[in-house]
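Comments concern the structure below.
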Amino acid sequence: MIILNKAFPVIISACVLTACGGGGDDSTETPDTGTPIVQCNEGFEWNIIDAGNNLELFLEPNYQQGKPSAIIAKFSNRDSKDLNFEWQQLTGSPLALVSSQSPVLNFTPNNSGVYQFSVNVTGSGIDIQHDFEVNVTAENQVYYGVNSDHQVVEGNGVSVRLTSDITQATNNTQWCSDSSINLNLDLSNGSRPLFTAPTVSQDTIVTLNATANVNGQTYTDNVHLLVTNESPITSEYFDSPVARTYPYNNDSPYSAALSQCVYSNSLNESCAISRLPLIGQQRTAPTIDEIMDRVIVSHDWMGANFKRFLIEKDVNNDFKTLLQSVTAVVISYDVRPSFYWVVTGAIYLDPNNLWMTPEQRDTINEAPDFRSDFGNDLQFLVPWRHVKNNDYVYRYYDPEIRVSRTLNDLTPRLASLLYHELAHANDFFPRSVHAQLTGPTLLDDFYRRANNSALVSDQLALNSPLQSSEMYSLAEVSFKGETANNTQKAYKPSDVTSFFKPDHASDFYSYSSTREDAAMLFEEALMSHRYNILRDVAITNNPENASGSNIIVDWGQRGRIGEPSIKPRAEYVIDQMLPEVGSQQLVDNLPAPIQMVAGKTWLENLVLMSPSNAVIQQRSTPQTIQSTLDDSRPLELSGSQHR
């Protein structure tokens, strides 16, 4: 079955051709509707530098300390497609240049002064290098700025983020555009406008202006977007615009194959194994550099942070081992949520799991999940969270607050994502079958394996199938958008508990497909084993404006993977995908589940005691108490991080 998934510009084969899962703090789609934006009274005036050979550099008339800033390289006689851009800072206080490979250089200067830059543009018959400087003036006013200036392909989703020290600014901000092109902005969140990049006949600069009047004071800022004209889409797979990406290692021997076989609007067939084999077909113990030869990105920082994670945090070599079953790793600002795709043999990672600075986070598209309305007619929710020592294992990072995080901060989230996505890859093509793959494409081998029920998830479903037909039907509503029938609409949380509790799925999302069933088992077991991190899952009511403090637990467990009826299923999956970890001992050592307290809220159930006396603990550390009382963290519902 082929499904056009609106959340991401790619045709995804559900159940048969893909497996998917894992993601960041929220998921995205290109918004389809919005409010027509008014045209600004005055167009934005650029200072244009002639860099020679028809290359023009568009400079803002004023650069101010602490303000988001942009420089745009644009040709007067051609578009930027098929060209390579490289920006360098030559002098001035160090800047975070997160878009140094794009025709749009964005930066925020923390200090005033003169900054010198160099831009080098190369391509067929083009090799231009130009040095120039900008002057940044000091500003003492309170902060009001729009992030982030960037390049976007026509038809792709766009998000920008307004941040300000002024609490009233968001509600008072008015938006306008200097472009004659009609734009519809989704302003359901006034600090995060969303729109679809318009179709253009040539590379076109679109400037949005934000202005707020607060207590008689006017605050204003502009954000600049280069909407690029692209070649017509010919792919039957990637049939909606995808972001521009490039191999992280320019000298990778697979550079051309990565660009053409993994993430391209011209991909029309699965590439041959001889052209882009699985990593493990080339090396049974690949080095990190060899893995990075298979990485393509939309921004350099994505590959750099991924590489650093493999170097510093893959101490047990789990991820390097599991990565043998993929052809490539794609990390792009428009991948949300993450997924694995058998047509390409690649995993696609949401960079929201990898950012470490606010400048890096600015580059990520952040529109809401198109599935957010699925299941609204149902009377229950299935929230989840990762916990350790009676507290969340990672912070919630409010996108309106500009903060940095460390590699330790992002590790739990990224590790669970990778265990999940790589479980899919190792379900389809475990290392034990690499030598037997004959092609000519992975898709051909997949069909042969699937027709013989040879996938790990196939065997799991044959030998230990999930039993609840009600949960399978509810999964169609919650995860695939089917309309709930009257019987399903009438189910109370207690009814859903009676369906789910006695079955041997680790999570509600396990019922979305046999592939997800296997991946959820693998992810939860490995997170418990390697990090002592447990997964909470519960059945609750579904009130309006649901939050951790107002959803009431009907039933729930911490560490459900330790249920006696579930452990053998996890052991089988682990033994097939990562046998060197010792599946039997791993599963034997999984802690027994801790029962939640029915009638208490989701937040009140954060602090639990031992399985023998699972009641709310009366004494907690100040950190835990603070987490329990903090209701600012959005709920995470089963499947919300998975595609």
Go through (1) buried (at least 23 other Cβ atoms within 10 Å of the Cβ); (2) within 24 Å of Tyr419 (Cβ to Cβ) for Pro465 and report which single condition fails. (1)
Being at pLDDT 95 or above and within 18 Å of Val537 (Cβ to Cβ) narrows Pro593, Pro611 down to just Pro593
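Criterion first (assigned to a loop (DSSP other than H, G, I, E, B) and over 28 Å from Val587 (Cα atoms)) does Thr483 satisfy it?
yes
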Return the pairs, sorted by first residue and then second, in which the second residue is of a type in the set (Val, Ile, Thr) and assigned to a loop (DSSP other than H, G, I, E, B), the first residue lies in region 496-523 and is farther than 21 Å from Asp554 by Cβ, the beta carbons are less than 8 Å apart, and the residues are 6+ apart or on different chains. Leu521/Ile566
For region 378-413, give me each residue that is at pLDDT 95 or above, closer than 22 Å to Ser148 by Cβ and in contact with a Lys or Arg (Cβ under 8 Å, 6 or more places away or on another chain). Arg405, Asp409
Taking only pairs six or more apart or across chains, which ones have beta-carbon atoms under 7 Å, a first residue in region 526-549 that is closer than 25 Å to Leu417 by Cβ, and a second residue that is modelled with pLDDT under 95 and among the hydrophobic types (A, V, I, L, M, F, W, C)? Ala546/Leu635; Ser547/Leu635; Gly548/Leu635
Subset of region 214-236 [surrounded by fewer than 20 Cβ atoms within 10 Å (Cβ to Cβ) and assigned to a loop (DSSP other than H, G, I, E, B)]: Asn215, Gly216, Asn229, Ser231, Pro232, Ile233, Thr234, Ser235, Glu236
Ile126 fails exactly one of (1) within 30 Å of Pro232 (Cβ to Cβ); (2) in contact with a strand residue (DSSP E or B) (Cβ under 7 Å, 6 or more places away or on another chain); (3) hydrophobic (A, V, I, L, M, F, W, C), namely (2)
Test set (1) in a helix (DSSP H, G or I); (2) more than 19 Å from Glu580 (Cα to Cα); (3) touching a residue at least 60 places away in the same chain (Cβ under 8 Å) - Gly439 fails condition number: (1)
What number goes with the only condition from (1) at pLDDT 95 or above; (2) farther than 18 Å from His420 by Cα that Val342 does not pass? (2)
Scanning region 107-144 residue by residue, the ones that are touching a Leu at 6+ places or on another chain (Cβ under 9 Å) and outside any loop (DSSP other than H, G, I, E, B) total 17
What pairs come out if I take residues in region 72-84 that are under 13 Å from Val104 (Cβ atoms) and pair them with residues that are of a type outside the set (Gly, Ala, Ser) and assigned to a loop (DSSP other than H, G, I, E, B) whose C-beta lies under 7 Å away, six or more apart or interchain? Ile72/Pro103; Ala73/Pro103; Lys74/Pro103; Lys74/Asp203; Ser80/Pro103; Ser80/Asp203
Could you grab me the full set of residues in region 431-461 that are closer than 26 Å to Gly639 by Cα and either surrounded by 20 or more Cβ atoms within 10 Å (Cβ to Cβ) or β-branched (Val, Ile, Thr) (or both)? Phe446, Leu455, Val456, Ser457, Leu460
Gln324 fails exactly one of the following numbered conditions: (1) touching a helix residue (DSSP H, G or I) at 6+ places or on another chain (Cβ under 6 Å); (2) at pLDDT below 95; (3) not hydrophobic (A, V, I, L, M, F, W, C). What is the number of that condition? (2)
Pairs needed: first member in region 247-264, over 19 Å from Asp300 (Cβ atoms); second member anywhere, surrounded by fewer than 19 Cβ atoms within 10 Å (Cβ to Cβ); C-beta distance under 7 Å; at least 6 residues apart or different chains. Ala257/Arg275; Cys261/Arg275; Ser264/Ser235
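Listed here are the residues, each with its yes/no results for (1) crowded, with 24+ Cβ neighbours inside 10 Å; (2) closer than 21 Å to Leu381 by Cβ; (3) in the same structural domain as Leu414 (by TED's automatic domain parsing).
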residue	(1), (2), (3)
Tyr511	yes, yes, yes
Arg515	yes, no, yes
Leu521	yes, no, yes
Glu524	yes, yes, yes
Arg530	no, no, yes
Ala538	yes, yes, yes
Asn541	no, yes, yes
Ser549	no, yes, yes
Among the candidates Gln618, Gln585, Gln557, Gln623, single out the residue that is in the same structural domain as Phe428 (by TED's automatic domain parsing), modelled with pLDDT of 95 or more and more than 28 Å from the chain's Cα centre (by Cα). Gln585
Taking Glu563 as meeting all but one of (1) under 30 Å from Lys320 (Cα atoms); (2) without any contact (Cβ under 8 Å) to a residue 12 or more places away in the chain, write down the number of the exception. (2)
Residue pairs meeting the criteria (Cβ under 7 Å; at least 6 apart or on separate chains; first within 13 Å of Phe107 (Cα to Cα), in region 349-361; second in a loop (DSSP other than H, G, I, E, B) and small (Gly, Ala, Ser)): Thr357/Ala96; Thr357/Ser404; Pro358/Ser404; Glu359/Ala96
Restricting to region 67-84, count the residues that are crowded, with 18+ Cβ neighbours inside 10 Å and farther than 14 Å from Asp149 by Cβ. 3
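The values are calculated or read from the model by the stated rules, or taken from the named source; none is laboratory data. All values derive from a computational prediction rather than experimental measurement. As a convention, Cβ positions derive from the backbone with ideal geometry for all residues, glycine included, and neighbour counts pool all protein chains shown.
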